[in-house]
Amino acid sequence: MPEFKRLHCFLCMGQACVSSGAREVRARLAEELAEHGLSDEVVIVETGCAGPCVHGPLLSVWPDEVLYHQVAADDVPKLVVEHFIKGRPYTPCLITEPGGDIIATQRDFAFLQRQHKIVLENCGVIDPERIEEYIARDGYLALGNALTAMTPDQVIDEVKLSGLRGRGGAGFPTGLKWGLLRQSPGPQKYVICNADEGDPGAFMDRSVLEGDPHRVLEAMAIKGYATGADTGYIYCRAEYPLAIRRIEIAVRQAREYGCLGEGLFETDFSFDIELRVGAGAFVCGEETALMQSIEGKRGQPMPRPPFPTQRGLWGCPTSINNVETYANIPWILRHGGAAYAALGTERSKGTKVFALAGNVKNTGLVEVPMGTSLREVVFGIGGGVVDDRPFKAAQTGGPSGGCIPAAHLDAPLDYESLTALGAIVGSGGLIVLDDTSCMVDVARYYMEFCVDESCGKCIPCRAGTRQVYEILTTICEGNATMADLDRLEKLCLLMRDMSLCGLGQTAPNPVLSTLRHFREEYEAHILEQRCPSAVCRKLLTFSINPAKCTGCGVCARNCPVETIHKEDGERRYEVHQDECIKCGMCFDVCNFGAVVKE
Amino acid sequence: MNLDDLRRLREKAARELALRSEHRRFRVVVCMGTSGLAKGSREVMDALLAEVDRLELDDVEVVATGSSGVEDLEPIVTVEEGGETPVVYGQLDADAARRIITEHVVKGRKVTQYVIARRLPGEVS
């Protein structure tokens, strides 16, 4: 079979595209290529997540640079004939911009072009299951160069110079962390990669592991060399089967090629990596709980100090970084710490990946320099709010984070600015909320998550999350008083100050930040028994606007408690309020917008 | 493996992936509309690809396009080189296609006996 291929077809095999049918497209594409005798001249490359998940399954064709979206298996036969045989783009699968312009190539797609990719530079561009493709993109050169031409201290200095800070949420300077492990005495040291990504809505770590796993392995080996560790652990959650499979393949290939194992690059440095699969407890993303879990114990946090760099895994000095933090390292060593520090803001350097989700047009992964404004991310890259509804707030940092209201749309996204606003960068989940989201309900949602995920070891978190959740529920149901609001605030502050680990300390953040920016919504629920966004069902009334009702009766037929009637001789229907259970069925089924929800 | 091995591996792998970068020196365009296919542009395409592969050229892309409109001169192939006026070859067969690669692309000598035009009719210079 000839090695030269006329066309390279990149098929995104990230979890989102797989869920929307990429495997079927892959199978059909292979069939059609064989059918037309093109198998030898067109190669299908399965890549990791390319970013614009809402457009999946994604197919891009090189060298033409044509980008197809929402490709269905049934599109494939025509696409093959039109593009691969006759050489013209298959128009039904091209992306149309909101303005009506057709986007034919990746170069025209604002979502991709307005990003600055370092962490994701290979995602969607290489086949993650072939180490050769990573090597072709300068993979493992940073490791080889560090081992043969740099001392461990020089490596750490370079990382310090870059200004890189922990991307898992806390923002601790990475170079400093590495230096602490290097100085910590002991014959055996460990490095760990935290891939226990658990924030609802965040999936950049998964995408890096699925799309460019070698990048993380290389960075861990570099860290091992810089800090004196010979063993690394990747702790990945079991909910990420594709990431796990790709890590396993990558580790095997790296060993075959001598990028992991004994005496790397003909030096006396040896390093190997083991994979540990966690059962999916949110608390296991906390570093001390994570180490307990690796040791085979129940995943519960431990008091610090001693810090992991003093006494970590199996009592040995250990240092943990998050996947995204590692993914920056090879780039930093290849281009120099100064080049990295040139990006971003004064105290937040480099780029950050955000998982854009919620009521935004282009959902997916977005990598931008630190300090990029929220407006640019939501409107410039994200394409704005779905249905062009008003932007209300952005929730960042998941259950440990907070909300940024519309008034602060121009706030730069970096560690300091977000903290000042009562939100956090966190792992980088960014959920866009429009005017149909009730902020009390949002806070309640996150608190419910924390109730489930609290490990129960310390009382402020175990009992606090439950109590806060119950107060929020009374507010949503219109049964709370202003005294409850005070109690809520006190309880939140107590949890923040008294909990053992980060989970409990940050769990009240969504409540505190919505109280700060949207206190009037809480008060409307309590004082007026009204949900301004018409979300909290217990506070809603459904009625029928007689001017719009056509008397078709679809609401009456669908009402589960049969409380929508019309009087004899009348043409229009009415909701009998005393029996209404506020399920909202009538609102959903009415074809004429006659049901009023308020 | 040492650092030099890695660099060699990188060169080899990068050649394979060269098609995914944005700029190549030569662009060989094959007309593959219905009439072209009927007159053998598939064989021409196969021959071009095989020759590029055999010579391990990494600065060439071979692409398909629709009919040129000059049906009786099919199979038609255009060779584009950055900045130069494109050269159009017609009435090709597999043998001629191989010569386009070995002569024009590799040595820079046009295969004059098959040249039918410098750019296709109607194209703006």
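The values are calculated or read from the model by the stated rules, or taken from the named source; none is laboratory data. This is a predicted model, so every value here is computed, not measured. In this analysis, Cβ positions are derived from the backbone assuming ideal geometry, glycine residues included, and neighbour counts consider all displayed protein chains.
Annotation note: of A:Ile103, A:Ile95, the sole residue that is farther than 14 Å from A:Asp64 by Cα, of a type outside the set (S, T, N, Q) and more than 14 Å from every other protein chain (Cβ to nearest Cβ) is A:Ile95. Take the conditions (1) surrounded by fewer than 18 Cβ atoms within 10 Å (Cβ to Cβ); (2) away from chain B (no Cβ under 13 Å); A:His36 misses just one of them, which is (2). Every test in (1) more than 10 Å from chain A (Cβ to nearest Cβ); (2) crowded, with 18+ Cβ neighbours inside 10 Å; (3) out of contact with any helix residue (DSSP H, G or I) (no Cβ under 7 Å at 6 or more places or on another chain) is passed by B:Gly90 save one, and that test is (3).
Of the residues making up the range A:54-68, one or more are in a helix (DSSP H, G or I) and not aromatic (Phe, Trp, Tyr).
The rows are residues; the columns are (1) of a type outside the set (A, V, I, L, M, F, W, C); (2) in contact (Cβ under 8 Å) with a residue 40 or more places away in the chain.
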position: B:Leu9; (1), (2): no, no
position: B:Ala13; (1), (2): no, no
position: B:Glu16; (1), (2): yes, no
position: B:Arg24; (1), (2): yes, no
position: B:Val30; (1), (2): no, yes
position: B:Leu37; (1), (2): no, no
position: B:Gly40; (1), (2): yes, yes
position: B:Val44; (1), (2): no, yes
position: B:Leu49; (1), (2): no, no
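Consider A:Lys392 carefully, then state whether it is outside the structural domain of A:Gly285 (by TED's automatic domain parsing) and either crowded, with 21+ Cβ neighbours inside 10 Å or not in a loop (DSSP other than H, G, I, E, B) (or both). Against the criterion (outside the structural domain of A:Gly285 (by TED's automatic domain parsing) and either crowded, with 21+ Cβ neighbours inside 10 Å or not in a loop (DSSP other than H, G, I, E, B) (or both)), A:Lys392 qualifies. Scanning the range A:565-585 for residues that are under 43 Å from the mean Cα position of the chain (by Cα) and at negative phi turns up A:Val575, A:Gln577, A:Glu579, A:Cys580, A:Ile581, A:Cys583, A:Met585. There is at least one residue in the range A:279-287 that is buried (at least 20 other Cβ atoms within 10 Å of the Cβ), out of contact with any Ser or Thr (no Cβ under 9 Å at 6 or more places or on another chain) and more than 14 Å from chain B (Cβ to nearest Cβ). Taken over the range B:58-75, the criterion of being at negative phi and over 11 Å from the mean Cα position of the chain (by Cα) is satisfied by B:Asp58, B:Thr65, B:Gly66, B:Ser67, B:Ser68, B:Val70, B:Glu71, B:Asp72, B:Leu73, B:Glu74, B:Pro75. Taken over the range A:229-279, residues that are of a type in the set (Val, Ile, Thr) and more than 22 Å from A:Arg298 (Cβ to Cβ) amount to 6. Residues being closer than 20 Å to A:Phe203 by Cβ and polar (S, T, N, Q) are entirely absent from the range A:435-444.
With more than 12 Å from every other protein chain (Cβ to nearest Cβ) and over 30 Å from A:Ala146 (Cβ atoms) as the only criterion, which of B:Val60, B:Val79 stands out? Walk me through it before giving the result.
Working: B:Val60 fails: more than 12 Å from every other protein chain (Cβ to nearest Cβ).
From the options B:Val60, B:Val79, the qualifying one is B:Val79.
Entry remark, the range A:117-171: residues being β-branched (Val, Ile, Thr) and within 15 Å of A:Met220 (Cα to Cα) number 4 in total. How many of the residues in the range A:253-283 are touching a residue at least 40 places away in the same chain (Cβ under 8 Å) and in a loop (DSSP other than H, G, I, E, B)? Within the range A:253-283, residues that are touching a residue at least 40 places away in the same chain (Cβ under 8 Å) and in a loop (DSSP other than H, G, I, E, B) number 9.
For every residue, the table says whether it meets (1) farther than 30 Å from A:Phe10 by Cα; (2) in contact with a Ser or Thr (Cβ under 9 Å, 6 or more places away or on another chain); (3) at pLDDT below 90.
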{"residue": "A:Arg167", "(1), (2), (3)": "no, yes, no"}
{"residue": "A:Ala170", "(1), (2), (3)": "yes, no, yes"}
{"residue": "A:Leu176", "(1), (2), (3)": "yes, no, no"}
{"residue": "A:Leu181", "(1), (2), (3)": "yes, yes, no"}
{"residue": "A:Pro200", "(1), (2), (3)": "no, no, yes"}
{"residue": "A:Pro213", "(1), (2), (3)": "no, no, no"}
{"residue": "A:Ala243", "(1), (2), (3)": "no, yes, no"}
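Looking across the range A:518-564, the residues that are within 39 Å of the chain's Cα centre (by Cα) and on the phi > 0 side of the Ramachandran plot come down to A:Gln529, A:Ala534.
Filtering the range A:17-50 to residues that are among the aliphatic types (A, V, I, L, M) and either assigned to a loop (DSSP other than H, G, I, E, B) or touching a Pro at 6+ places or on another chain (Cβ under 9 Å) (or both) leaves A:Val18, A:Ala22, A:Val25, A:Leu38, A:Ala50.
Residues of the range A:117-165 that are under 21 Å from the mean Cα position of the chain (by Cα) and more than 19 Å from A:Cys53 (Cβ to Cβ): A:Ile118, A:Leu164, A:Arg165. All conditions in (1) modelled with pLDDT under 95; (2) within 20 Å of the chain's Cα centre (by Cα) hold for A:Met447, with the sole exception of (1).
Is it the case, given these coordinates, that A:Glu3 is modelled with pLDDT under 90 and either more than 14 Å from chain B (Cβ to nearest Cβ) or assigned to a helix (DSSP H, G or I) (or both)? I'd like the intermediate steps shown before the answer.
Details: modelled with pLDDT under 90: yes; either more than 14 Å from chain B (Cβ to nearest Cβ) or assigned to a helix (DSSP H, G or I) (or both): no.
So A:Glu3 does not fit the description; no.
Would the range A:153-163 turn up any residue that is touching a strand residue (DSSP E or B) at 6+ places or on another chain (Cβ under 8 Å) and over 22 Å from A:Asp212 (Cα atoms)? Yes, the range A:153-163 contains a residue that is touching a strand residue (DSSP E or B) at 6+ places or on another chain (Cβ under 8 Å) and over 22 Å from A:Asp212 (Cα atoms). Considered as a group, the residues in the range B:32-57 that are within 7 Å of another protein chain (Cβ to nearest Cβ) and small (Gly, Ala, Ser) include one that is surrounded by the fewest Cβ atoms within 10 Å (Cβ to Cβ), and that residue is B:Ala50. When A:Val25, A:Val45, A:Val18 are checked against the criterion of being without any contact (Cβ under 8 Å) to a residue 60 or more places away in the chain and of a type in the set (Val, Ile, Thr), a single residue qualifies: A:Val25. When you look at A:Gly478, is it at pLDDT below 95, within 24 Å of A:Glu520 (Cβ to Cβ), in the same structural domain as A:Gln505 (by TED's automatic domain parsing) and surrounded by fewer than 20 Cβ atoms within 10 Å (Cβ to Cβ), yes or no? In short, yes.
Pick from the range B:13-28 the residues that are modelled with pLDDT of 75 or more and more than 8 Å from chain A (Cβ to nearest Cβ): which of them is surrounded by the most Cβ atoms within 10 Å (Cβ to Cβ)? By that ranking, first place goes to B:Val28.
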